[in-house]
Amino acid sequence: MPSPDLVATAYAVLVPVKPPAIGKSRLGDLGDGPRRDLAHAFAADTVSAVLSCDLVARVLVVTDDHLLARALSELGADVIPDGTTDLNGTLAQAAAEMHRRDPLLRLAAVCADLPALRPDELASALRASDPGRMSFVADQERVGTTAVFAPTIASFRPAFGSGSRREHLEAGAHEIDGVDVPTLRRDVDDPDDLSEALSLGVGRRTTQVAEALRLRTPLAGVVRDVLQATVFTFDESTRAGSVLLDDGAELPFASNALTGSGLRLLRPGQRVRLDTDDGQVTRLQILTLH
């Protein structure tokens, strides 16, 4: 259970997930199997990142897919079935249920297709929310919405859908802007969105599916690679060290490669996943993290 001090500022995050069998139709050109696999991976990586955020006390997933429900439950999320076909109606029901379970927690709703989401960016957005009214984060195109945050259940009035940014503004919600949260803004609906998400660096499950599909993405003329390696050295005082790539080459990393990963210590021999940019390690995660 969270401490009383945490409960005062912590959030319960609602994540509505369409069954992968029908979700992400605009990725259908990749094939029905890959589309399903990607939809499942997006949801799992999104939920995993939300669970890792230090301002999140609980996560409630709403889905009618029993296999996905089991997988997300194993990650640590609570899961309930969907009671309506309307997204905002689903969120209203989920908010009421979560308020019944934990009435002291603030409420948030996050889209399930944010495979690049980083816990520290979600925390930055939560800290920038208005304590007196509902706040929201617009998507990368500044047309839709990827997340809403509310201090009370009475102020939780999400309006997801076409043109939701304008809907939220006209309803008086506070737009969170001026904070650098690109992974929270990059929802994935089509191949171009997926390309951008891969360039930002996606979670473990989406990485696995992308690697199986041989998806690699150029960004501004630079190809950002996703690699696997083994920890070779690690200095606990500086949080810097080096890894051995599978071809035997040693590659150093600085402490900022661990930012947002949730990692505090590494030990030689651990298998890790790397994001690199022009030969520099930009992000490092343990392969077995959920």
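The values are calculated or read from the model by the stated rules, or taken from the named source; none is laboratory data. The structure presented is a predicted model; accordingly, all values stated were derived computationally and were not measured. Note that we place each Cβ from the backbone using ideal geometry, even for glycine, and neighbour counts take in every protein chain shown. Surface accessibility is based on the protein's heavy atoms, side chains included, excluding ligands, DNA and RNA. Shrake-Rupley method; radii C 1.70, N 1.55, O 1.52, S 1.80 Å.
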* Structure fact -> All-but-one check, K18 against (1) open to solvent by 60 Å² or more (accessible area, probe 1.4 Å); (2) of a type in the set (D, E, K, R); (3) over 20 Å from the mean Cα position of the chain (by Cα); (4) under 27 Å from A150 (Cα atoms), failing number (3)
* To do: Determine whether the range 32-55 contains at least one residue that is within 17 Å of the chain's Cα centre (by Cα) and over 24 Å from P182 (Cα atoms).
  => no
* Selected residue [in contact with a helix residue (DSSP H, G or I) (Cβ under 6 Å, 6 or more places away or on another chain), small (G, A, S) and surrounded by 14 or more Cβ atoms within 10 Å (Cβ to Cβ)] from G23, G28 -> G23
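Looking at the range 33-48, can you tell me whether even one residue there is open to solvent by 40 Å² or more (accessible area, probe 1.4 Å), among the β-branched types (V, I, T) and either assigned to a helix (DSSP H, G or I) or touching a strand residue (DSSP E or B) at 6+ places or on another chain (Cβ under 8 Å) (or both)?
No: zero hits.
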* Can you tell me which residue within the range 167-178, out of those that are out of contact with any helix residue (DSSP H, G or I) (no Cβ under 6 Å at 6 or more places or on another chain) and in a loop (DSSP other than H, G, I, E, B), is surrounded by the most Cβ atoms within 10 Å (Cβ to Cβ)? => A173
* To do: Output the number of residues of the range 8-32 satisfying the condition of being of a type in the set (V, I, T) and assigned to a loop (DSSP other than H, G, I, E, B).
  => 3
* To do: Please enumerate the residues belonging to the range 236-268 that are at pLDDT below 80 and under 25 Å from the mean Cα position of the chain (by Cα).
  => T259, G260, S261, G262, L263, R264, L265
* To do: List every residue pair whose Cβ atoms lie under 7 Å apart, where the two residues are 6 or more positions apart in sequence or sit on different chains, the first residue falls within the range 60-89 and is more than 16 Å from T46 (Cα to Cα) and modelled with pLDDT under 95, and the second residue, located anywhere, is open to solvent by 40 Å² or more (accessible area, probe 1.4 Å) and assigned to a helix (DSSP H, G or I).
  => G83/Q93; T84/Q93
* Restricting the search to the range 155-166, which residues are assigned to a helix (DSSP H, G or I) and surrounded by 18 or more Cβ atoms within 10 Å (Cβ to Cβ)? -> S164, R165
